[in-house]
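To start, the structure itself, in structure tokens.
The values are calculated or read from the model by the stated rules, or taken from the named source; none is laboratory data. No experiment lies behind these values; they were computed from the predicted model shown. As a convention, Cβ positions derive from the backbone with ideal geometry for all residues, glycine included, and neighbour counts pool all protein chains shown.
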């Protein structure tokens, strides 16, 4: 029962921190380090846990944006296969938006493969003080955009904007940097309105997360996982799904109200405490 509670807590941490700009992987490492200091060895395969709980978060965010996804997919294929519909403004806009999602996904996709294959960031993935430093960097970035309201909607975004936001997403490969924080900051720097930067950020999460999940499945199939551990992992994924769904809805309101300064303050305090005490 204590082991199950442990995995439920980890699911809560993943689900709560995945949508908000505080780095879910960084917080899992912080939690692991804290527990290890007080309770010795913390016997959890965090790589496997991250893969499975990430899938729970992916389902939650896909569910939130399901109507948008269906509309975009329909418009994309309608534009390609029905030439007479190409003059439709909404279909044309959605078609262009789909390609901007592709463009914004490319930098992180390519760099993610390079980093994984070459192990470029392996030395930093377990460095909790580096995570603390990146939380402070996140705090500074969020502070810079605290008063930004944006000038245009996501439909009016240019391909150059999408590519730059993609490079911001690529920065989230660095341990301790939040993916949602990086892309929202990137979107708002490019002039996107708050809610549109938020929406584009989370739409971008879906293809990246799908790719991560597919790569993770290969590793899972090569592992020997007991039925008991599957219960623990799936319980953690279910909790991550629930908390990701709730937190994403809540975070959407925070962004709309322009209160990202709260997360800036939190990241600054958390980063300093991690560097000083962990």
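Before moving on, here are some points about what is shown:
- Subset of region 120-163 (residues that are closer than 21 Å to residue 95 by Cβ and either in contact with a strand residue (DSSP E or B) (Cβ under 7 Å, 6 or more places away or on another chain) or surrounded by fewer than 17 Cβ atoms within 10 Å (Cβ to Cβ) (or both)): 152, 153, 154, 155, 156, 157, 158, 159, 160, 163
- Of residues in region 209-247 being closer than 29 Å to residue 147 by Cβ and touching a helix residue (DSSP H, G or I) at 6+ places or on another chain (Cβ under 6 Å), the one surrounded by the fewest Cβ atoms within 10 Å (Cβ to Cβ): 247
- Cross-chain or 6+ apart pairs with Cβ under 6 Å, region 131-149 first and within 18 Å of residue 196 (Cα to Cα), then not in a helix (DSSP H, G or I): 142/260; 146/260
- One residue alone among 20, 35 is touching a residue at least 12 places away in the same chain (Cβ under 8 Å) and under 30 Å from residue 233 (Cβ atoms), and that residue is 20.
- The set of residues in region 58-109 that are over 26 Å from the mean Cα position of the chain (by Cα) and outside any helix (DSSP H, G or I) comprises 82, 86, 87, 88.
- Pair list, Cβ under 6 Å, 6 or more apart: region 178-199 residue at positive phi and surrounded by fewer than 24 Cβ atoms within 10 Å (Cβ to Cβ), other residue outside any loop (DSSP other than H, G, I, E, B) and at pLDDT below 95: 191/152
- Applying the condition of being in contact (Cβ under 8 Å) with a residue 60 or more places away in the chain and within 18 Å of residue 255 (Cβ to Cβ) to region 164-175 and asking which residue is surrounded by the most Cβ atoms within 10 Å (Cβ to Cβ) yields 165.
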